[in-house]
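Colleague: Once you've had a glance at the structure underneath, I'll fire off some questions.
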Amino acid sequence: MSFSLSRKQSLRTNILTIATPGRVFMASTMVINGGNYLYNLVLGRALGPGEFAEAGIVLTVLLLFSFLAMTFQLTATKYVAGTGKTQAAAVTGTLKKWALVSGLLLTALLLLLLNDLTAFLKLSDNYSLAGIIIALPVYFLMSVDRGTLQGREQFIGLSANYQVEFWTRSLATILIFAVGIGSAGSSISLAIAISLLTAFIFSWKKPLSNPGTLNKEMKMGMFRFFAITAGYELTQIFINYSDVFAVKHYFDNFSSGLYTSTSLVGKMIYFLTWMLVMMLLPKIIRLKKEGKNYNHLLYRTIAGVGGFILVVTLGSIFFGNEIVQLLFGEAFADAGQLLWLYAVATGFFALSNIFVFYFISLDKYLPVLISFVLAMIQLPLFHFFHAQLSHIILVQIGVMGTLLVVLVGYYLRHRRRG
C-alpha cells in the first residue's frame with residue numbers, strides 16, 4: 001500500500017516537474033498558432049483567392065489591433081512583475097481606465113472613417129470592419145488582465161484566456177457561415193467580436209475593495225513606458241502589415257489573395273517565436289531587480305529563434321510550391337515562389353524584435369526610435385516599388401535586414417560600455 005502511494009506521489013512530482021507553467025504556456029501558444037493557421041487554411045480552401053482576400057484583410061486588421069492591445073499588456077506586465085497584490089491591483093485599475101478611454105475614442109474615430117477605409121481596402125461592405133472596431137474597448141480591457149497574469153508569471157491562466165478566445169472564434173465562424181450571414185468579411189468580423197467578448201468575460205475578476213493608489217512618479221513612469229511601447233507597437237504594425245494593405249490597394253483581389261496566403265504562412269515565424277519574447281520580458285525584469293545576470297536569456301532566445309528561422313527558410317526554398325499547394329490548394333500555387341522571400345523578411349524582423357524588447361525591459365528606448373524610422377522609410381518604398389508582388393517583399397528584406405544590423409551594432413556598443 002505504501003509502495004503504491006509512493007509511486008503515485010513520484011508520478012505526480014514528475015508530471016509537475018515536466019509540465020511547468022512556462023512549458024504549458026509554450027505548448028498552449030503552439031496549439032493556438034497551429035489552430036489559427038488551420039483556421040486560415042480552411043477559409044482559404046473554402047473561399048478561394050478572391051473571397052479569401054477580403055476575409056484575410058479582416059483577419060489582418062485583427063492582428064493590427066492586437067499590436068495596439070499589446071501595449072496595455074506589456075505595460076501591465078512590466079509594472080506588475082515583482083510587486084505585491086495591492087500594488088498590482090492599483091496598476092491594473094489605472095491601466096483599465098486608460099484602456100477604456102482610448103478604446104472608446106479609437107472606436108469613435110474609426111467608425112467616422114469607416115466609409116473611407118472600406119473604399120481604400122476595396123471591401124464589399126462596411127460590416128467587414130464594423131464588428132472588430134466596436135469590440136476594441138473590450139479587447140484593450142482584456143489585454144490589461146492578460147498583462148497582469150503575464151507579469152505575475154501565471155502562465156496557466158494566461159494560456160486559458162487565449163484558448164477561450166481562439167475556440168470561441170472558431171466555433172462562431174462555423175455557425176455564422178452555416179447560417180449564411182452577410183459577406184465573408186462581415187462573417188469573420190462578427191465571429192471575432194463574439195470571441196473577444198467571451199474571452200473578456202472569462203478573464204474578468206472582481207477587483208479588490210481597496211486596491212490602493214499609485215503615486216505621481218509611478219504613474220508618470222507607467223505613462224512614459226506606455227507611450228514608448230505604443231510607439232513601438234505602431235512601428236510593428238507598419239512593419240508587419242503595411243505590405244498586406246499596400247497589396248490590397250495596388251493589386252486585384254486574386255493577386256491580393258495569393259499574397260495574403262504567402263504572408264500568413266511566412267508570419268508563422270513571427271508568431272511562433274513571439275511566445276519566447278513574451279516569456280523573456282518578465283524574467284529579465286525580475287533578474288535585473290535581483291541584481292543577477294540576464295544576458296544568457298537573450299542568447300538562448302536568439303539561438304532558438306535563429307534555428308527555427310533557418311529551418312523554415314530552407315524548407316521554403318526547396319518546397320515552397322508544395323507547401324502552399326498542400327496548405328491552401330492548387331488555386332494558390334503561384335504564391336509558392338514568394339514564400340522563401342517572405343520567410344527571410346519575417347525572420348529578420350523576428351530577430352530584431354528580440355533585441356528591441358530586451359532593451360525595453362532595461363528601460364532603454366533608442367531601438368524603438370530606430371525601428372520607427374525604418375518603418376516609416378518602408379511606406380514610401382512600397383509606393384515606388386510595386387510592379388510585382390515580389391518587389392513588395394524585397395523592400396521588406398532590405399528594410400528589415402538593415403534594422404537587424406543596426407540593432408546588433410547597438411547591442412555590441414552597449415556591451416562594450418558595460
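The values are calculated or read from the model by the stated rules, or taken from the named source; none is laboratory data. Because the structure is a prediction, the values reported are computed rather than measured. Because the Cβ atoms are built from the backbone with ideal geometry, glycine has one as well, and the counts that use them run over all protein chains shown.
Colleague: Test residue 174 against the stated conditions and say whether it is surrounded by 18 or more Cβ atoms within 10 Å (Cβ to Cβ), out of contact with any Phe, Trp or Tyr (no Cβ under 6 Å at 6 or more places or on another chain) and in a helix (DSSP H, G or I).
Modeller: no
Colleague: Which numbered condition in (1) surrounded by 21 or more Cβ atoms within 10 Å (Cβ to Cβ); (2) not in a helix (DSSP H, G or I) is the only one that residue 122 fails?
Modeller: (1)
Colleague: Let me ask another. Quick one: which of 325, 337, 396, 388 is within 30 Å of residue 251 (Cβ to Cβ) and surrounded by 23 or more Cβ atoms within 10 Å (Cβ to Cβ)?
Modeller: Selected residue: 396, the only one of 325, 337, 396, 388 that is within 30 Å of residue 251 (Cβ to Cβ) and surrounded by 23 or more Cβ atoms within 10 Å (Cβ to Cβ).
Colleague: Hey, does segment 210-227 have a residue that's under 15 Å from residue 77 (Cβ atoms) and crowded, with 19+ Cβ neighbours inside 10 Å?
Modeller: So far as segment 210-227 goes, yes, one or more of its residues are under 15 Å from residue 77 (Cβ atoms) and crowded, with 19+ Cβ neighbours inside 10 Å.
Colleague: Filter segment 347-362 down to residues that are aliphatic (A, V, I, L, M) and closer than 14 Å to residue 287 by Cα, then give me how many there are.
Modeller: Residues flagged as aliphatic (A, V, I, L, M) and closer than 14 Å to residue 287 by Cα within segment 347-362 amount to 1.
Colleague: Something else now. What do you reckon, is residue 229 closer than 29 Å to residue 87 by Cβ and in contact (Cβ under 8 Å) with a residue 24 or more places away in the chain?
Modeller: Here the answer is yes, as residue 229 does meet what is asked.
Colleague: I'd like to check something: does segment 289-310 contain any residue that is of a type in the set (Lys, Arg), touching a residue at least 40 places away in the same chain (Cβ under 8 Å) and either part of a helix (DSSP H, G or I) or more than 21 Å from residue 236 (Cβ to Cβ) (or both)?
Modeller: yes
Colleague: Only one residue in 363, 334 is charged (D, E, K, R) and on the phi > 0 side of the Ramachandran plot. Which one?
Modeller: Being charged (D, E, K, R) and on the phi > 0 side of the Ramachandran plot holds for just one of 363, 334, which is 363.
Colleague: Quick check: anything in segment 269-283 at pLDDT 80 or above, assigned to a helix (DSSP H, G or I) and hydroxyl-bearing (Ser, Thr, Tyr)?
Modeller: Scanning segment 269-283, I find no residue that is at pLDDT 80 or above, assigned to a helix (DSSP H, G or I) and hydroxyl-bearing (Ser, Thr, Tyr), so the answer is no.
Colleague: Right, residue 201: at pLDDT 75 or above, of a type in the set (Val, Ile, Thr), surrounded by fewer than 17 Cβ atoms within 10 Å (Cβ to Cβ) and outside any loop (DSSP other than H, G, I, E, B) or not?
Modeller: Against the criterion (at pLDDT 75 or above, of a type in the set (Val, Ile, Thr), surrounded by fewer than 17 Cβ atoms within 10 Å (Cβ to Cβ) and outside any loop (DSSP other than H, G, I, E, B)), residue 201 qualifies.
Colleague: Please verify whether segment 258-272 includes one or more residues that are free of Cβ contacts under 8 Å to residues at least 24 places away in the same chain and either surrounded by fewer than 18 Cβ atoms within 10 Å (Cβ to Cβ) or of a type in the set (Gly, Ala, Ser) (or both).
Modeller: There is no residue in segment 258-272 that is free of Cβ contacts under 8 Å to residues at least 24 places away in the same chain and either surrounded by fewer than 18 Cβ atoms within 10 Å (Cβ to Cβ) or of a type in the set (Gly, Ala, Ser) (or both).
Colleague: Within segment 108-151, which residues are touching a residue at least 40 places away in the same chain (Cβ under 8 Å) and over 23 Å from the mean Cα position of the chain (by Cα)?
Modeller: Answer for segment 108-151, where residues must be touching a residue at least 40 places away in the same chain (Cβ under 8 Å) and over 23 Å from the mean Cα position of the chain (by Cα): 120, 122, 123, 124, 125, 127.
Colleague: Another question, then. Out of the residues in segment 11-48 that are at pLDDT 75 or above and of a type in the set (Lys, Arg), state the one that is nearest to residue 277 (Cα to Cα).
Modeller: Filtering segment 11-48 for residues that are at pLDDT 75 or above and of a type in the set (Lys, Arg), the one nearest to residue 277 (Cα to Cα) comes out as 23.
Colleague: Give me the pairs, please: first residue somewhere in segment 88-107 and in a helix (DSSP H, G or I), second residue anywhere and among the basic types (Lys, Arg), beta-carbon distance under 9 Å, and either six or more positions apart or on two chains.
Modeller: 88/152; 94/219
Colleague: Here is a further query. Can you say whether residue 119 is more than 29 Å from residue 26 (Cα to Cα) and at pLDDT 95 or above, as far as the supplied structure shows?
Modeller: For residue 119, the condition - more than 29 Å from residue 26 (Cα to Cα) and at pLDDT 95 or above - is not met.
Colleague: Follow-up question, since we're still on this one. Of all residues in segment 360-385 being free of Cβ contacts under 8 Å to residues at least 24 places away in the same chain and among the aromatic types (Phe, Trp, Tyr), which is surrounded by the fewest Cβ atoms within 10 Å (Cβ to Cβ)?
Modeller: 384
Colleague: Inspect all residues belonging to segment 170-187 and state whether any of them is at pLDDT 85 or above and either acidic (Asp, Glu) or over 30 Å from residue 121 (Cβ atoms) (or both).
Modeller: no
Colleague: Turning to a different aspect of this structure: Any idea how many residues of segment 132-152 are at pLDDT below 90 and over 15 Å from residue 92 (Cα atoms)?
Modeller: Number satisfying all stated conditions: 0.
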